[in-house]
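Here the structure comes first, spelled out in structure tokens, and everything after it is commentary.
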Amino acid sequence: MNDAAKVQLSKEETALVSDPAWILTKNSIIERTVQLMAELSEQYEPELAGLRRMLTSSEHQLPANWDRPKISRGENYQGLPYVVLDQPRLFGKEDILAIRTMFWWGHYFMVTLHLKGAMQERFAGGLELYAKELAAAGFHIATSGDEWRHELEGDNYRLLQADSTGMEGSYPFIKLSAKCSLDRWNESPEILFGLFRTLVRALGG
């Protein structure tokens with residue numbers, strides 16, 4: 001392929017680059033997604049009271065604002081836009097306790113629990129006891145060994161079973177994730193809140 005061919009556009013691409021409407025619509029959807037995450041964070045806040053008390057009274061030295069929400073956005077998770085709400089968001093060098101609500105363009109919403117280090121040791125046993133409820137809610141468990149992959153396809157996750165044991169797993173982390181399809185957008189606040197609440201209760205909060 002010569003250099004000229006590399007920069008040429010197809011008819012479909014030319015039509016898109018000539019039409020501002022679709023990118024403006026995309027920007028509007030992202031802004032509404034950010035607003036959705038902000039509203040979810042307000043709903044999540046009361047659910048964290050028990051977990052906050054539990055960890056504040058423990059021996060763990062927690063960084064400031066570990067339980068405060070953070071919303072971020074990007075354009076390139078596997079080439080596609082995304083919006084993320086992390087709440088709580090303890091991301092230490094050794095220890096991780098995070099619940100991430102993520103919108104991934106063209107795919108789905110997902111709610112993911114990420115545990116590592118001392119937080120994995122503390123909560124893995126309780127998660128096993130709550131496996132039936134987690135499985136009923138549609139949660140998957142990470143199986144790829146790459147803790148920064150988020151997609152629920154391929155070899156990255158498998159469906160959690162109600163009788164799952166050994167939640168500690170063979171990796172130095174635990175990730176549990178469930179999704180909400182984008183065709184259920186109007187129902188997504190209730191669905192995502194329910195998934196979040198299920199995770200917090202599984203943590204004993």
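The values are calculated or read from the model by the stated rules, or taken from the named source; none is laboratory data. Note that the coordinates shown come from a computational prediction; the quantities given were computed from them, not determined experimentally. Cβ sites come from the backbone with ideal geometry, for glycine too, and all protein chains shown count toward neighbours.
Of note:
- Number of the condition not met by Glu31 [criteria: (1) under 21 Å from Ser177 (Cα atoms); (2) of a type in the set (Asp, Glu); (3) outside any loop (DSSP other than H, G, I, E, B)]: (1)
- Candidate set from the range 123-136 (those that are touching a Leu at 6+ places or on another chain (Cβ under 8 Å) and either closer than 20 Å to Leu90 by Cβ or among the β-branched types (Val, Ile, Thr) (or both)); member that is surrounded by the most Cβ atoms within 10 Å (Cβ to Cβ): Leu127
- Residues in the range 72-100 that are in a strand (DSSP E or B) and charged (D, E, K, R): 5 in all.
- Lone qualifier among Ala178, Ala124 - being small (Gly, Ala, Ser), outside any loop (DSSP other than H, G, I, E, B) and in contact with a helix residue (DSSP H, G or I) (Cβ under 8 Å, 6 or more places away or on another chain): Ala178
- Pair list, Cβ under 7 Å, 6 or more apart: the range 137-164 residue under 17 Å from Ala202 (Cα atoms), other residue surrounded by fewer than 19 Cβ atoms within 10 Å (Cβ to Cβ) and charged (D, E, K, R): His140/Arg158; Ile141/Arg158; Ala162/Lys132; Ser164/Glu128
- Looking only at residues in the range 124-136 that are touching a residue at least 40 places away in the same chain (Cβ under 8 Å) and under 18 Å from the mean Cα position of the chain (by Cα), the one that is nearest to Tyr77 (Cα to Cα) is Leu134.
- Meets criteria (part of a loop (DSSP other than H, G, I, E, B) and not hydroxyl-bearing (Ser, Thr, Tyr)) for Pro46: no
Quick grid of which residues meet (1) farther than 16 Å from Leu203 by Cα; (2) crowded, with 16+ Cβ neighbours inside 10 Å:
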site	(1), (2)
Leu9	yes, no
Trp22	yes, no
Asn27	yes, no
Glu45	no, no
Leu48	no, yes
Gln78	yes, no
Tyr82	yes, yes
Lys93	yes, no
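- Subset of the range 53-81 [closer than 21 Å to Leu199 by Cβ, modelled with pLDDT of 90 or more and of a type in the set (Lys, Arg)]: Arg68, Lys70
- When restricted to residues that are under 20 Å from Ala162 (Cβ atoms) and of a type in the set (D, E, K, R), the range 98-139 contains 3.
- Verdict on Leu199 being at pLDDT 90 or above, within 14 Å of the chain's Cα centre (by Cα) and not in a loop (DSSP other than H, G, I, E, B): yes
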